[in-house]
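Let me begin by presenting the structure, written as structure tokens, before commenting on it.
We did not get these values from a lab; they are worked out from the coordinates using the rules stated. Source: prediction; values computed, not measured. Quick reminder, even Gly has a Cβ in these numbers, built from the backbone with ideal geometry, and neighbours come from all protein chains shown.
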Amino acid sequence: MSVTNEDVKKVARLARIALPEDQVEPMTNELNGILNWIEQLGEVNVDGVEAMTSVVEASLPMREDVITDGNRQDEVLANAPRTEDGFFVVPKAVE
Amino acid sequence: MTDLTKMTLSDALDGLEAKTFSSVEITEAFISAIEGANSSLNAYVVQTPEKALEMAKASDERRARGEAGILDGAPLGIKDLFCTEGVRTTACSHILGEFTPTYESTVTANLWREGAVMLGKLNMDEFAMGSSNETSYYGNVVNPWRRNGGNAELTPGGSSGGSASAVAADLCLAATASDTGGSIRQPAAFTGTVGIKPTYGRASRYGMVAFASSLDQAGPIAKSVKDAAIMLNVMCSHDNKDSTSLNAEQPDWTKSVGKPVKGMKIGIPKEYRVDGMPEDIEKLWQQGIDWLKAAGCEIVDVSLPHTKYALPAYYIVAPAEASSNLARYDGMRYGVRQDGQDLNDVYSNTRAQGFGAEVRRRLMIGTYVLSAGYYDAYYLKAQKVRTKILQDFQTVFEEVDALLTPTCPSAAFALGERHDDPIAMYLNDVFTVTANLAGLPGISVPVSLDNNGLPLGLQVIGKALDEASCFQVAAELETASGFSSKPSAWWG
């Protein structure tokens, strides 16, 4: 299985990474190199094998469904590129 | 007075306790050493001398009141992956801009609670993706070690290259680091320092910039096995803020250092004897086997048949998890935002300009292997191969107490030497990545110099939650080898 330039453009769109036309071909070659190397996993028989979750048997902890944190508007906004009146300012997303 | 910066953490803590010197004195010594060296080594990306002196002064006051903690007054370096309140944290990526956390990571909070002093933030590969520290937005770190008679600049390894370089060049007593595929152990081996990755879940990931969440684990890089044990004791804790944090009993690991290894069974996995391995590495491994035999260990040849599939599995799992974790960098809530014609354009430009080439490459792979129709063939398959790798270990650990391997297939290489082929770079992690995939503890300890005069390390891999055996065997290797070489201080 090898990826094409069209696949790479699609993946770049999905990953939200702008990829100039002249970088498509080199990226396709790099990805194919790595994916071909990864293909060797096909040799491993994993019939009936469970996917790995954790090395030490552990279950996810539960806690009371109560509010334990919050009221930190200033901290949440402290690193924002743009804010106004206590809100994040973002580009217009809906016409 | 002797040069305070050259002391081990353990000796420095004794000196502070005996009031031979104060925390302010040793902190000042480190600040001046960093000023002199950083332009050559580029180990620190943020220096916090004022904060350090403030913390040192407070430490001296605490000690005078008889309230000193375990690390009180000890100046440390912090990998730029750990969020530090009020101090810029970017994981050495441009996309985080001047991000200054409003909260503290659990690992660093544990260190400050015990009185440690922060000297600054240490350079690393961008988002910990790299094995040579060359992917950092802030430029590569330089290894304090050079080949005999040469002055070519060598890599300190990665991703914790700043941590390893700073510890080796006496620019801190010890450092925090993190390990996703070998990022603590490989740089430790390249710089003649000790580094341990504990069992997955021992150290909290809260406030640690995420790369691959099922693999990332914090640990220390230090000057001796005992120092590493002192650091790990404090860094690890059960933490409600990390749902994968283990609620397991935590022994005092310093007690394993110096404990006789007589009667221990040590496995030697035959699959770690790879083609083209330098003779120096073969010799080093055999030397390690001989030392442990002489100390009364029983050496057992074992097989871990799925070893060769570890790196390819890693290069599915790690990029896949990274592509999910790094989706948060969209330029909206923090970091640098680039302009664009519409929202998608803003996202795409922000991420194209904010991420470096290696990060973009891995995000592309990760997005591809998780995309519709490929999840089962790649990610799920890799997670099943991981189970096979873990089962290999579980089988041999029925018979042996720990495994001995080389840490890396080579000594430190020159900067720029392995740029052209990503896979050649990935092969650095061939001996370390298995412990990440299986979640097991692994320690690297320096034991000798190769014929170019560069340090080489041996790795001890232990059972889950059995860091104690790793420390015990590593300490024996440290003693038997008598390794005490230091790089000559060309950096002035």
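Worth a mention:
- Of the residues examined, residue B:428 is not one that is under 21 Å from residue B:201 (Cα atoms), of a type outside the set (A, V, I, L, M, F, W, C), buried (at least 19 other Cβ atoms within 10 Å of the Cβ) and touching a residue at least 12 places away in the same chain (Cβ under 8 Å).
- None of B:237, B:213, B:204 is small (Gly, Ala, Ser), crowded, with 24+ Cβ neighbours inside 10 Å and part of a loop (DSSP other than H, G, I, E, B) except B:204.
- Just one of the listed residues (B:195, B:219) is in contact with a Lys or Arg (Cβ under 8 Å, 6 or more places away or on another chain), part of a strand (DSSP E or B), under 21 Å from residue B:482 (Cα atoms) and not hydroxyl-bearing (Ser, Thr, Tyr), and it is B:195.
- Test for residue B:315: is it of a type in the set (Phe, Trp, Tyr), within 7 Å of another protein chain (Cβ to nearest Cβ) and touching a residue at least 40 places away in the same chain (Cβ under 8 Å): yes
- Screening segment B:280-305 for residues that are more than 27 Å from the chain's Cα centre (by Cα) and assigned to a helix (DSSP H, G or I) and picking the one that is surrounded by the fewest Cβ atoms within 10 Å (Cβ to Cβ) gives B:294.
- Number of positions in segment B:1-33 that are assigned to a helix (DSSP H, G or I), under 22 Å from residue B:233 (Cα atoms) and not polar (S, T, N, Q): 8
- Number of the condition not met by residue B:227 [criteria: (1) more than 14 Å from chain A (Cβ to nearest Cβ); (2) outside any helix (DSSP H, G or I)]: (2)
- Among the residues making up segment A:12-27, those that are in contact (Cβ under 8 Å) with a residue 12 or more places away in the chain and either within 19 Å of the chain's Cα centre (by Cα) or under 17 Å from residue B:377 (Cβ atoms) (or both) are A:12, A:27.
Residue-by-condition table, conditions (1) more than 28 Å from residue B:142 (Cβ to Cβ); (2) touching a residue at least 40 places away in the same chain (Cβ under 8 Å); (3) surrounded by fewer than 16 Cβ atoms within 10 Å (Cβ to Cβ):
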residue: B:9; (1), (2), (3): no, yes, no
residue: B:18; (1), (2), (3): yes, no, yes
residue: B:39; (1), (2), (3): no, no, yes
residue: B:55; (1), (2), (3): no, yes, no
residue: B:84; (1), (2), (3): no, no, no
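- Any hit, segment B:414-425, residues being in contact with a helix residue (DSSP H, G or I) (Cβ under 8 Å, 6 or more places away or on another chain), closer than 30 Å to residue A:53 by Cα, more than 8 Å from chain A (Cβ to nearest Cβ) and in contact (Cβ under 8 Å) with a residue 12 or more places away in the chain: no
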